[in-house]
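What follows is a single structure, written as structure tokens, with notes after it.
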Amino acid sequence: MSLFVKDPQARIDHEIDWSAYLAAQTLIASSWAVEPEEAGGLVTEQSAFEDQRSSARLSGGLVGRLYRLTNHVMLSDGQVDERSVTIRVEER
């Protein structure tokens, strides 16, 4: 799992490039989850995906907190997979 640092005031896009994990499949669905869910915590404002990439716009987060951001995808052959990253919120 990778670690990324985010300022609490920043609105940033986070992207996962799935091309290294896919053979002949493409993404047909994508959803994002943040743990823990809490007031003032990290949130996914919007998300998008294309054949081999998915992205989410992140905002908020409490300084000093760690969040797990997980992307759950469905592939064109019916398989499902997910990847997670850790987001640490710090004043920058």
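Coordinate-derived values only; no laboratory data. Predicted, not measured: the structure shown is a model, and the values here were computed from it. Please note: Cβ atoms are built from the backbone with ideal geometry, for glycine as well, and neighbour counts cover all protein chains shown.
Please report, in debye to the nearest 20, how large the charge dipole of the chain is about its Cα centre when each Lys and Arg carries +1 at its beta carbon and each Asp and Glu carries -1 there. Spell out each step's value before the answer.
Values: 9 positive and 15 negative charges, 53 e Å.
With Lys and Arg at +1 and Asp and Glu at -1, about 260 debye.
What are the ³J(HN,Hα) couplings of the range 39-44, residue after residue, when phi is run through the Karplus curve with 6.51, -1.76, 1.60 and θ = phi - 60°? Round to Hz, x for glycine and proline.
Coupling constants for the range 39-44: 4, x, x, 5, 10, 9 Hz.
Using +1 at the C-beta of Lys and Arg and -1 at the C-beta of Asp and Glu, which of LEU22, LEU58, ASN71 has the Cα lying farthest in the positive direction of the dipole of the range 2-89?
Projecting each Cα onto the dipole axis, the largest value belongs to LEU58.
Kindly rank 63-69, 77-83 from highest to lowest mean number of other beta carbons found within 10 Å of each residue.
63-69, 77-83
Compare the Cα positions of VAL43, ALA33, ALA10 along the charge dipole of the chain (+1 at Cβ of Lys, Arg; -1 at Cβ of Asp, Glu; about the Cα centre) and return the one farthest towards the positive end.
Result: ALA10, furthest along the dipole toward the positive end.
Does the chain come out rounded, prolate or oblate, given a ≥ b ≥ c as the square roots of the eigenvalues of its C-alpha gyration tensor, rounded meaning a/c under 1.5 and, failing that, prolate meaning a/b above b/c?
prolate
Quick check: net charge around LEU27, other residues with Cβ under 10 Å of its Cβ, Lys/Arg +1 and Asp/Glu -1? Please report the intermediate quantities before stating the final value.
Working: positive: ARG53; negative: GLU50, ASP51, ASP81.
Every neighbour counted, the sum reads -2.
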